[in-house]
Amino acid sequence: MSPPPSNASRRGRGFGAARVAGRAANLLLSIGFTFLGLLAVTFFIGRVVPVDPVLAAVGDRINASTYDRVREELGLNLPLWEQFARYVWNALQGEFGRSVLTSNPVIDDIRRVFPATLELATVATVIGVVLGVPAGVVAAVKRGSMVDQAIRVLGLVGYSVPVFWLGLMGLLVFYAKLDWLPGPGRIDLLYEGMVEPLTGVILIDSAIAGDWDVFRDALSHVVLPASILGYFSLAYISRMTRSFMLAQLQQEYITTARVKGLAERTVIWRHALGNAMVPLITVIALSYGTLLEGSVLTEIVFSWPGLGFYITNSLLNADMNAVLGGTVVVGAVFIGLNLLSDILYRLLDPRAR
Amino acid sequence: MHIRLLPAAAAIGLAVTLGMAPAGAATPANMVVMAWQIDELISLDPAEIYEFVGGELSGNLYDRIVFYDIKNPDQMQGGAAESWTVSSDGKTFTFKIRDGIKFQSGNPLTAEDAAWSLQRLVKLDKGPAFILKEFGLSKDNVDQKVRATDAKTLVFETDKAYAPTFVLNCLGSWVSSVLDKKTVMANEKNGDFGNDWLKTHAAGSGPYKVGTLRQNEVIMLDAFEDYWRGAPKMKRVALRHVPESAPQRLMLEKGDADIARNLAPDDLDVLAKNPDITIRKVPQGMILYLGLNQKNQYLSKPEVTEALKWLVDYEGIEKAILRGTRVPHQTFLPEGYLGAINDKPYTLNVEKAKALLAKAGLSGGFKLTMDTRNTYPTMDIAQVLQATWAKAGIQLEIIPGDNKQTLTKYRARQHDIYIGQWAPDYLDPHSNAQGFAWNPDNSDNSSNKLLAWRNAWDIPQYTKMTEAALAESDPAKRKAIYEQMQRDFLKVSPYVIMFQNVQVLAERKNVKGFEHGPNFDVVYYRNITK
């Protein structure tokens, strides 16, 4: 597939380092501008909404002197540009101020809620990939068959059924009726506080501590919400896999491989999927990123204290520090995933090296 | 804050599918688990608490100087103080501190701790400080006015004579929580009086101490074995954050929760048929009302104000929308408060309203707007009112907004009509009288922006009455003033008071002794048994 190494490309190595450095600089610059844009947009939206952040901080029955004091504490008496400059400067240092709602430093709150989301999103994505990719491949290979139709219907259902309904039904069936799985929450109250929170991801913490009872309990708690979220990414990933695979299967190299007498299994799973994997990485990374923003409805139904609920709640309560902090984290997650998929691209596709 | 993102459809679907109750698991016998929406918890520091969850917890983590007695509301109960006297001029309260109370740290509780706790609250000057500042206390004078004269005697001086019932009611709230001075000061940082540490810790002498605390997830309280009234029966109380009603119900049915606190009407209907569950309703102080801005050319006419009171389908709204979460109530003092009367002269009467509007020369109809928080139940009620008022020729435009948006506008007096709720700050009628009936300065830049001011209602005579009631040392006379004001208000006030809140508690049958009073800070766990 990759062209034979030519003299030209070997000579090109000399420029390579400079080109990589140039690319990295470009990348950093675009990351910087993206961040600044992000900060500017959230900041100015926060200022134009007709909500008084002082009231959000102290309730509506304070007297005038307390009101003025809090206003000053929040820096709201400064000129707008100065408030913005302060925000940007602090954000660069990971300092987002205190959340009005929880009264903790925003960064501490995020450290608390993000691991919960990370745990849920990661398990969900694993479910989505492990089931979604093969389903997509099979659907492409058996195009038009009953199997393809069944996978399509499954995908459509996954895409169109509201997640809270699915969540409630899941709880009703697997928790209330069948008693297979535990109810809402991340861990049983009996195991509360048994494992030292190192990363905040209970599955990892309990594995590190070697406390397999806690691990099993945490796993049984994450199964249902992660399956429900995973179903959504499964639906998306299988649809995309199917269409990428169809495109690959029509290529001439596939015919060549078949003519060469390679086993059909190898042709499909190695050659075709190997190539379809490249665009698929982006799809998976994006759907992972979306899950890492937090899924507020799933979090509410399952009492899962994650980022989605935190940001939504902050938004509804005009808690601008928390919204800004959360947005920056989500932005950083997306940029990080972008980088990651860039790197994976290069590993999978020699042409991109 | 309450996000209710799950549409009713889901709840109905669930109700239909769930014909039968699931098999029961159970929580441990010495532990009680509550499923509750606890995301509003900001701080456990009594000097900072200003919301329901924190207020409730404070009553179980700390002793107060005196306690509100749920079973006998007319009398205060001793707490850290076993008795008290009031000087003849009504300005000096002397409390005798009970012997043998120990803090959870093992330190003895003294009058010095009590005095310091009150001084601290005033000096920190956070949300609840105003409750004590009402007595003329300030940063500069609090050390002289509130003091320990010896280890057993606490003196509390006010700037003028107030009704003793008022002073004691205020001190029965969480503001008088007695903190362990030594422990708190050992955790002080940069002169914050230990505020940062106390956000997530407690240094009290109450029946429970803080075990695990993770905001938005779980709060576990562990029994304090040396509590002066005896160790509580439940070794643990776990408050589990469950934001939605349907999962709360499932957990209660399964026995994974013993008490559920935020059930929606649909879920309550189902639970009412479950023999394992008891449902209790406790009247609460919060009042749901309309505020009619007197700057508005129509609303300032007394006939219009009265007509609107006849244009509310109190019963219909209760049955169709509120469904047991609130009960009709038309006076400004909620049931359960000193002096409250429960007169309900108004019912839906479109003809009468039309006649009143005609008398005001407005039979041709007119337009009004209503700033409405875009959640249940305000939005639903506003829509019913819109339909009802149309019958009398009033064209109502609903302006939906987030709570903070509507409140910002209300406080700027830019509304026509505001629909919203008001909760008293402490268990004394003055909290509401001050809110609804006190407006010493009706100018736009007044520093007191309470409800009468927000609705631009200039009422020197009621402002005087409110102040007189506040100073009245005879409880019977004090009561009479409030009763008179409420009767007048029914007729003339620019408030259409409609409903009073009810706290609905669903408990497993074996749970007994969970005491819930008429205000959020008088909820006690120590007598719970299973």
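Only the coordinates and a few stated rules stand behind these numbers; no lab work does. All values reported here derive from a predicted model rather than from experimental measurement. Ideal geometry is used to build each Cβ from the backbone, glycine not excepted, and the neighbour counts take in all protein chains shown.
Sequentially through segment B:486-497, phi angles give Karplus couplings (6.51, -1.76, 1.60; θ = phi - 60°) of 5, 5, 4, 4, 3, 7, 9, 6, x, 10, 9, 7 Hz, Gly and Pro residues having no value and appearing as x. Per the Cauchy relation, a quarter of the hull surface: what is the mean projected area of the convex hull of the alpha carbons in segment A:55-186, in nm²? Taking the Cα atoms of segment A:55-186, their convex hull projects to 14.3 nm² on average. For the residue pairs B:491/B:512; B:273/B:404; B:189/B:209; B:139/B:199, the alpha carbons lie more than 31 Å apart in B:491/B:512; B:273/B:404. Under the rule a/c < 1.5 gives rounded, and otherwise a/b versus b/c splits prolate from oblate, where does the protein assembly as shown land using the Cα gyration tensor? Prolate shape, in that a/c is at least 1.5 and a/b is the bigger ratio. For the residue pairs B:160/B:464; B:91/B:152; B:152/B:181, the C-alpha atoms sit more than 18 angstrom apart in B:91/B:152. Distance from the C-alpha centroid of segment A:304-353 to that of segment A:270-301: 13 Å, rounded to the whole angstrom.
Segment B:194-250 and segment A:102-134 have Cα centres separated by 27 Å. Based on DSSP H segments of at least four residues, each scored -39500 (n - 2.57), the protein assembly as shown has a per-residue ellipticity at 222 nm of -15000 deg cm²/dmol. Taken residue by residue and averaged, Cβ atoms of other chains lying within 10 Å of the Cβ of A:169-176 number 5.
Couplings 3J(HN,Hα) for segment B:405-412, derived from phi with the Karplus relation 6.51 cos²θ - 1.76 cosθ + 1.60 (θ = phi - 60°), are 5, 5, 5, 4, 5, 4, 5, 9 Hz, where x marks Gly and Pro. Averaged over residues, the count of other Cβ atoms within 10 Å places the peptides A:258-267, B:355-364 in the sequence B:355-364, A:258-267, highest first.
Please list, in order, the residues from segment A:297-331 whose amide nitrogen is less than 20 Å from a point placed 7 Å along the Cα→Cβ vector of residue A:48. Answer for segment A:297-331: A:315-321, A:323-325, A:327-328. Which aspartates and glutamates have a Cα less than 16 Å from the Cα of residue B:96, not counting those fewer than 8 places away in the same chain? Straight-line reach from residue B:96, under 16 Å: B:63, B:82, B:112, B:113, B:150, B:157.
Amide H to amide H, with H built 1.01 Å from N, residue B:499 comes under 5 Å of B:288, B:329, counting only residues 5 or more places away or on other chains. Treating r as the C-beta distance of residue B:185 and residue A:252 and R0 as 60 Å, the FRET efficiency rounds to 0.15. Within the shell defined by Cβ-Cβ distances under 11 Å, the residues around residue B:287 carry a net charge of 0, with Lys and Arg each +1 and Asp and Glu each -1.
Summary of packing: across the peptides B:300-309, A:73-82, B:474-483, the per-residue average of other C-beta atoms within 10 Å ranks them, highest first, as B:300-309, B:474-483, A:73-82. Legend: distances between Cα atoms for B:71/B:133; A:177/B:281; B:123/B:145; B:126/B:295; pairs beyond 25 Å are B:71/B:133; A:177/B:281; B:126/B:295.
Peptide B:449-455 is shielded by partner chain Cβ atoms: per residue, an average of 1 of them sit within 10 Å of its Cβ. Counting only residues at least eight positions apart within a chain, or on another chain, the lysines with an alpha carbon under 25 Å from that of residue A:142 are A:260. Here the peptides B:314-321, B:238-245 are ranked by packing, the mean other Cβ count within 10 Å, and the order with the highest first is B:238-245, B:314-321.
Inter-chain neighbour count for B:399-405: the average number of beta-carbon atoms from partner chains within 10 Å of each residue's beta-carbon is 5.
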